[in-house]
1. For residue 120, which aspartates and glutamates qualify as cross-link partners when the Cα separation must be under 13 Å and same-chain residues fewer than eight apart are set aside?
2. Kindly write out, for the stretch 226-231 in residue order, the coupling ³J(HN,Hα) from the Karplus curve 6.51 cos²θ - 1.76 cosθ + 1.60 (θ = phi - 60°), rounded to whole Hz, with x marking Gly and Pro.
3. Taking the simple approach of a point 7 Å from Cα along Cα-to-Cβ for both residue 514 and residue 259, what is their distance in nm?
4. What does the charge dipole of the stretch 5-519 about its Cα centre add up to, to the nearest 20 debye, if the Cβ of each Lys and Arg holds +1 and the Cβ of each Asp and Glu holds -1?
5. Once R0 is set to 41 Å, what does the formula 1/(1 + (r/R0)^6) return for the Cβ-Cβ distance between residue 286 and residue 163, expressed as a FRET efficiency to the nearest 0.05?
6. If you plug each phi of the stretch 143-159 into the Karplus form 6.51 cos²θ - 1.76 cosθ + 1.60 with θ = phi - 60°, what whole-Hz ³J(HN,Hα) values come out, in order, with x for Gly and Pro?
7. By how many degrees, 0 to 90 and rounded to 10, does the Cα axis of helix 404-413 deviate from the longest principal axis of the chain?
8. With a 10 Å Cβ neighbour count serving as the proxy for reagent exposure, in which order, fewest first, do 140, 431 appear?
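No value in this document is a laboratory result; all are computed from the given coordinates. Everything numeric in this text was worked out from a predicted model, so none of it was measured. Cβ coordinates were reconstructed from backbone atoms using ideal geometry, including for glycine residues, and neighbour counts include every protein chain displayed.
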Amino acid sequence: MKKMTLHAGFFLLAFLLLHSAPMSASAQTGDDALRLADRTPGLTARNMGLAGTGVAGVMDASAFFSNPAGLGWAERSTAAGSFASGVTSDKGNFNAPGVSTSIEDEFSESGLGSLSYLFKAPTSQGSIVLGASVSEVMSWNRTMSFDGDNGSNSVTDYFMPFSGEFELVDDGDGGVFPEFSRPLSFIAFETYAIDLDGGLLAAGENVPFLPAVSYGTVAQFGFVEDTGKMYELNFGGAAEAAKDVMVGFSLNIPVGSFERFRVLEEDDYLNDNDGTGGTTDFAHLYFSEELRTDIVGVNARFGVSAQPDENIRVGATIETPTYYAIEESYSTYLETEFDNGDFYSYGDASGQNAASGSFDYTLKTPWKLSAGASYSVGNLAVMGDVEWLDWSQMEFDANDYDFKAENLEIRNSLESVLNIRLAASYDVADWQVRAGFGRYPDARSTQDFRGEGFPTVDRKRDVASLGLGYRLNDRMGIDIAWMQESFDDRTDLYIDVTDAPYMLEEVTRSRFQIGFSYGF
């Protein structure tokens with residue numbers, strides 16, 4: 001195995017200098033903000049069957065989310081709850097120059113869907129309804145694996161520093177050693193995933209390093225797994241401000257936790273790098289990154305719902321920006337093996353935390369404006385919603401980091417969107433059949449900042465739902481719903497490398513809910 005003697009020594013000093021540098025927050029991007037701020041429609045089992053449609057005014061706890069004024073139409077005090085389960089399918093295509101392979105993965109989950117209590121106050125006239133609820137508003141659970149050959153590059157190319165990310169320091173014995181400002185390059189240097197090259201150093205190259213994989217084809221395989229859910233606590237109510245006109249308010253507290261675990265392995269299974277011809281005797285590499293995000297926020301919704309005619313109901317909602325307090329913790333592990341039996345690792349021992357730590361910051365989402373209408377004739381009711389958001393108005397902030405570049409990237413790469421939902425229900429004796437559809441356009445600009453020819457994906461989300469309600473008696477009811485959400489996605493296995501591999505994904509989320517309600 002080819003190792004430079006310049007690599008030996010001074011690791012402790014280099015680490016101390018590196019670890020004292022301020023942590024970079026460059027991981028916070030527009031994609032990260034969208035992931036944390038996005039929501040899935042259909043909080044209750046009844047409303048899920050309508051694909052979340054309900055701004056005109058619905059009478060169950062989903063009104064906290066769509067239009068709190070709808071609470072005013074409740075006929076009695078009600079306690080309700082639902083159980084949810086789901087399966088997320090991720091069909092991914094691994095893409096490297098001349099190579100495309102496909103793998104499909106599934107992630108199953110179950111848990112609380114919603115729990116609520118609405119209290120209809122006794123009044124001599126009009127309507128006053130108060131209540132509280134907790135509902136699942138987002139599930140991030142999904143997994144994607146990949147496996148394919150790459151003859152064009154290696155993750156060790158990604159570990160290579162740029163010219164401004166290191167400094168060569170005199171070691172006092174006529175040699176030099178590198179001090180890195182990029183933690184990942186430091187870790188790669190510690191494990192011989194990259195190394196100083198004497199020839200390049202003597203030639204005065206700006207970046208006198210070589211990656212461990214410099215020739216041939218490697219097998220690349222691994223997975224990316226996202227886990228976690230967001231729940232929203234709601235407190236609010238509605239009152240009849242005028243005949244057949246309800247106004248409502250809700251205070252909402254989203255609370256959630258998101259985790260991402262990424263693993264990328266490389267194997268020199270053809271032994272193209274055997275220590276001859278200027279290569280190292282690289283054998284295998286294991287690289288993992290783990291991120292945990294804990295998030296809590298607050299916002300308010302104001303709504304109005306009116307019934308100008310016994311068959312028509314209209315409504316509108318204003319949602320304030322959500323202010324999130326976010327705490328992230330992250331860690332990195334890297335190990336390398338070589339043909340002669342040498343093994344190196346970083347990230348699993350005390351003090352090896354160059355790319356581990358935590359960071360606190362805040363995120364502010366945009367205002368959301370919604371409008372809806374419903375029309376009923378006989379046993380049939382049809383309804384529709386539109387909602388507008390300008391995602392380019394999202395902003396990161398922190399006490400000890402300037403997010404100017406990240407916020408500028410959000411303003412330039414994200415757009416405003418108009419989300420649409422349509423639904424219908426039909427009553428047959430004690431049964432009600434429901435169906436709905438929603439479309440959520442991709443907020444990412446069609447002009448990708450990475451340049452012409454870069455494969456982009458339209459991440460618009462389509463939602464379809466079916467539901468069935470049954471009235472057991474005058475006070476008790478049961479609701480069952482199914483909703484499917486589908487969208488395309490793209491995952492880059494690493495960046496800043498020409499022809500770096502990536503995954504194109506087709507994601508389908510199928511969710512089921514069964515709910516019960518009891519009126520007092």
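1. Of all the aspartates and glutamates, those that pass the test against residue 120 - Cα under 13 Å, at least 8 places apart if same chain - are 60, 75, 240.
2. Ordered by residue, 3J(HN,Hα) equals 9, 9, x, 9, 10, 10 Hz.
3. For the pair residue 514/residue 259, the computed spacing is 2.9 nm.
4. 3860 debye
5. Between residue 286 and residue 163 the formula returns 0.90.
6. With the stated coefficients, the stretch 143-159 comes to 9, 9, 10, 8, 6, x, 8, 10, x, 10, 7, 9, 4, 5, 5, 5, 6 Hz.
7. The two axes meet at around 60 degrees.
8. Details: 140 20, 431 11.
Arranged by neighbour count, lowest to highest, 140, 431 become 431, 140.
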